[in-house]
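The values are calculated or read from the model by the stated rules, or taken from the named source; none is laboratory data. Keep in mind it's a predicted model, so treat the numbers as computed, not measured. Quick reminder, even Gly has a Cβ in these numbers, built from the backbone with ideal geometry, and neighbours come from all protein chains shown.
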Amino acid sequence: MTRLSSAFSKPHPALVCFLTAGDGDTAANLDALVAGGADVIELGMPFTDPMADGPAIQAANLRSLGAGTTTADVLGIATAFRQRHPDVPLVLMGYANPMVRRGAEWFAAAAKDAGVDGVICVDIPPEEDDALGPALRDAGIAPIRLATPTTDDKRLPAVVEGSQGFLYYVAVAGITGMQQAAIESIEANVSRIKRATDIPVAVGFGVRTPEQAAEIAQVADGVVVGSALVELVAEHGADAPAKLRELTAALATAIRAAR
Amino acid sequence: MNSPNSFRTMPDERGHFGDYGGRFVAETLMPLILDLEKEYRAAQADPAFKAQFDDLLEHYVGRPSPLYFAERLTEALGGAQVWFKRDELNHTGAHKINNCIGQILLAMRMGKTRIIAETGAGQHGVATATVCARFGLPCVIYMGATDVARQAPNVFRMKLLGAEVVPVTSGAATLKDAMNEGLRDWVANVHDTFYIIGTAAGPHPYPELVRDFQSVIGKEARAQMLSRTGRLPDLLVAAIGGGSNALGLFHPFLDDPDVAMLGVEAAGYGLDGDQHAASLLGGFPGVLHGNKTYLLQDEDGQITEGHSISAGLDYPGIGPEHAWLKDMGRVEYTAVTDDEALDAFQLLCRTEGIIPALEPSHAIAAVAKRAKEMRDDQIILANLCGRGDKDIFTVAEKLGVEM
């Protein structure tokens, strides 16, 4: 059993927590997420042009790059995390260009060496899978695809095909950190996706509070929280770990009580 | 690399030009991109679509644009005959409108009721606002806050035409950031919104359809040249930012083996530093804004900011078909500095009584170099893709003139 499949085999839905690498003291912040009860860590690779992100994560990307974060730094953060937390799944999330810059095979091998379990690439849809997917699968890293409210039944098989680890359902047609979708729409879409695949389905985009997380936990295998955590890093700087742990614990408690 | 039988059959069915192009977009946009392709194929097969497009180009845009022999410039340069395709005489003053007419007709075919676009210097924004006013559709233009500040006349033009201009403050607040913001709007409004992309770049089918709409330039020029001189030109020259005016001129000639082609990038302060906008000559292949192409980027794949005196060439990418044509060797690419473009700008003003935009001034600078190396029975045809009214403030500042 892989680290990712273990995380989704717990008696409760998985809490997936996102932070941008290199924004603040990432090691301390990630440790706080784990201590608070995060089941999966999603580590954002900063990019100059984060087209799918709202203001909070855009700003985190710019802060990180402004502090001089390089790809080697991101991989270093992952490597150190893996040494501290041998069992917590770690997923890299980001955009295609920094991932393919030195070649897909180079990136897949480097991520594997760093102990990364999965990769979410926002701007590589199934139609362009060749650009990264085969290299990830060959290296034993799960390519985690995104499904959205616009992914109709006709497209769904193509999205599911070749996806591993979990499927990330983007609850709103839009960017990260904005409004939440109606729970009825999330429930209908998650069950539609689950009819098409056996891999777990986690739901993200617009999930900020324990109440929202609990609601989604009733209908999905995982809940992804990003912008609300990233905002804590922006607001509290060196004091962020305590705040991150507090919110993560509240989210984890809510999710565990949901079912 | 083997030479194909034709250079005019790209892209393939997946929207790839060799290694370049494709559909690198967020999943939310994929269904829409696939719909757009389907609708474009239907429009291509529909004589009524072509008839409406042609009618608007003739009576609204003012096509065909003239083909003009620049006699005094030719004399001044002392070499090949220099001819211009006068796309600066189009309604709104540049080639951009050709594409906007085509795309807004597609938007209406798809039942979309809201238009968005990005703009750098404001030329594409003005052209988009123009067609939106013409067809009564609401229009939002994303423009970097830096560009809003330095292109005030075009901002006012867009507002006069009824568009909402949204200043973008993220990143460096220039064209690429405006494009990011346009894409963010689009993913949140896919149900009713059409994104009119301003150059032959972005996810498939945009590079193809923009090229096709702009190919009116080359089709007219080819026929005009044959009818005026009985022969084809020896060399085509066009400036390249994203590359739509160049592809529009080049594409209809790609299978004429005796016609050489030269694309001219912006070298800014020079190619040896990083203050230029020459993606093909100074960049590396990568993925941005929906396509794989040459990009200005660092060793980690972070996009770097280009510089050019011309805000219309100041983009860190390039249309994917140019990337392919470069690798195939069918088109030659060169670059011209800010200072060379500024000299060419003044040269054309004084020899021909034409104030060119700073974008084609780059092409004219390259023409000036090449013409001298060619015989006087040879013909250079350059695309004069925009007029310079918008640029007089920039030029005055560069020349140290107070207005």
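Of note:
- In the stretch A:129-153, the residues that are at pLDDT 95 or above reach residues that are of a type in the set (Lys, Arg) with C-beta atoms within less than 7 angstrom, at least six apart or across chains, in these pairs: A:ALA139/A:LYS112; A:GLY140/A:LYS112; A:ILE141/A:LYS112; A:PRO143/A:ARG137.
- Being aliphatic (A, V, I, L, M) and more than 24 Å from B:GLU39 (Cβ to Cβ) is a property that B:VAL237 has.
- Selected residue (only one of A:ALA14, A:ALA60, A:ALA32, A:ALA27 is away from every other protein chain (no Cβ under 14 Å), in contact with a strand residue (DSSP E or B) (Cβ under 7 Å, 6 or more places away or on another chain) and of a type outside the set (S, T, N, Q)): A:ALA14
- Cβ pairs under 7 Å, 6+ apart, first in the stretch B:27-47 and within 14 Å of another protein chain (Cβ to nearest Cβ), second surrounded by fewer than 17 Cβ atoms within 10 Å (Cβ to Cβ) and of a type in the set (D, E, K, R): B:PRO31/A:ASP152
- The stretch A:123-137: number of residues that are more than 7 Å from chain B (Cβ to nearest Cβ) and either of a type in the set (Asp, Glu) or within 15 Å of A:THR148 (Cα to Cα) (or both): 3
- Selected residue (criterion: farthest from A:GLY76 (Cα to Cα)) from residues of the stretch A:97-122 that are within 14 Å of chain B (Cβ to nearest Cβ), in contact with a strand residue (DSSP E or B) (Cβ under 8 Å, 6 or more places away or on another chain) and among the aliphatic types (A, V, I, L, M): A:VAL122
- Residue check, A:ARG82 among the basic types (Lys, Arg) and either away from chain B (no Cβ under 13 Å) or surrounded by fewer than 18 Cβ atoms within 10 Å (Cβ to Cβ) (or both): yes
- Within the stretch A:184-205, the set of residues being more than 13 Å from A:TYR168 (Cα to Cα) and surrounded by 15 or more Cβ atoms within 10 Å (Cβ to Cβ) comprises A:GLU187, A:ARG192, A:ALA196.
- Every residue from the stretch B:120-171 that is touching a strand residue (DSSP E or B) at 6+ places or on another chain (Cβ under 6 Å), surrounded by fewer than 24 Cβ atoms within 10 Å (Cβ to Cβ) and of a type in the set (Val, Ile, Thr): B:VAL140, B:VAL148, B:VAL155, B:VAL165, B:VAL166
- Top-ranked residue of the stretch B:1-15 - restricted to ones that are closer than 18 Å to A:PRO125 by Cβ and touching a residue at least 60 places away in the same chain (Cβ under 8 Å), ranked as nearest to the other protein chains (Cβ to nearest Cβ): B:ARG14
- When residues of the stretch A:146-183 are limited to those that are away from every other protein chain (no Cβ under 14 Å) and in contact with a helix residue (DSSP H, G or I) (Cβ under 9 Å, 6 or more places away or on another chain), the one surrounded by the most Cβ atoms within 10 Å (Cβ to Cβ): A:PHE166
- Yes/no for B:LYS176 being basic (Lys, Arg) and in contact with an Asp or Glu (Cβ under 7 Å, 6 or more places away or on another chain): yes
Results for (1) out of contact with any helix residue (DSSP H, G or I) (no Cβ under 9 Å at 6 or more places or on another chain); (2) within 17 Å of B:TYR40 (Cα to Cα); (3) buried (at least 20 other Cβ atoms within 10 Å of the Cβ), shown as yes or no for each residue.
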residue	(1), (2), (3)
B:ALA188	no, no, no
B:PHE194	no, yes, yes
B:THR199	no, yes, yes
B:LEU226	yes, no, no
B:THR229	yes, no, no
B:LEU232	no, no, no
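- Some residue of the stretch A:206-219 being within 18 Å of A:LEU251 (Cα to Cα), at pLDDT below 95, within 14 Å of chain B (Cβ to nearest Cβ) and out of contact with any Phe, Trp or Tyr (no Cβ under 7 Å at 6 or more places or on another chain): yes
- Any chance B:ASP212 is over 22 Å from A:THR48 (Cα atoms) and surrounded by fewer than 22 Cβ atoms within 10 Å (Cβ to Cβ): yes
- Condition check for B:GLY202 on (1) on the phi < 0 side of the Ramachandran plot; (2) part of a loop (DSSP other than H, G, I, E, B); (3) touching a residue at least 40 places away in the same chain (Cβ under 8 Å); (4) of a type in the set (Gly, Ala, Ser): one failure, at (1).
- Residue check: B:TYR333 meets all listed conditions (1) under 30 Å from B:ASP258 (Cβ atoms); (2) assigned to a helix (DSSP H, G or I); (3) among the hydroxyl-bearing types (Ser, Thr, Tyr) but one, namely (2).
- From B:LEU271, B:LEU249, B:LEU236, residue being hydrophobic (A, V, I, L, M, F, W, C), in contact with a Gly (Cβ under 6 Å, 6 or more places away or on another chain), buried (at least 24 other Cβ atoms within 10 Å of the Cβ) and assigned by TED's automatic domain parsing to the domain that holds B:ARG370: B:LEU249
- Residues that are within 11 Å of chain A (Cβ to nearest Cβ), in a loop (DSSP other than H, G, I, E, B) and hydrophobic (A, V, I, L, M, F, W, C) are absent from the stretch B:225-234.
- Residues in the stretch A:130-140 that are surrounded by 24 or more Cβ atoms within 10 Å (Cβ to Cβ) and in a loop (DSSP other than H, G, I, E, B): 0 in all.
Conditions tested, residue by residue: (1) outside the structural domain of B:ILE318 (by TED's automatic domain parsing); (2) at pLDDT below 95; (3) in a strand (DSSP E or B); (4) of a type in the set (Asp, Glu).
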{"residue": "B:ASP255", "(1), (2), (3), (4)": "no, no, no, yes"}
{"residue": "B:MET261", "(1), (2), (3), (4)": "no, no, yes, no"}
{"residue": "B:GLU265", "(1), (2), (3), (4)": "no, no, yes, yes"}
{"residue": "B:VAL287", "(1), (2), (3), (4)": "no, no, yes, no"}
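Quick grid of which residues meet (1) buried (at least 24 other Cβ atoms within 10 Å of the Cβ); (2) of a type in the set (Lys, Arg); (3) under 28 Å from B:GLU208 (Cβ atoms):
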residue: B:PHE284; (1), (2), (3): no, no, yes
residue: B:LEU296; (1), (2), (3): yes, no, yes
residue: B:ASP339; (1), (2), (3): no, no, no
residue: B:PHE345; (1), (2), (3): yes, no, no
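- Failed item in (1) over 19 Å from B:ALA107 (Cα atoms); (2) within 20 Å of the chain's Cα centre (by Cα), with B:MET179 passing the rest: (1)
- Within the stretch B:134-193, the set of residues being within 13 Å of chain A (Cβ to nearest Cβ) and part of a strand (DSSP E or B) comprises B:TYR142, B:GLY144, B:VAL168, B:THR193.
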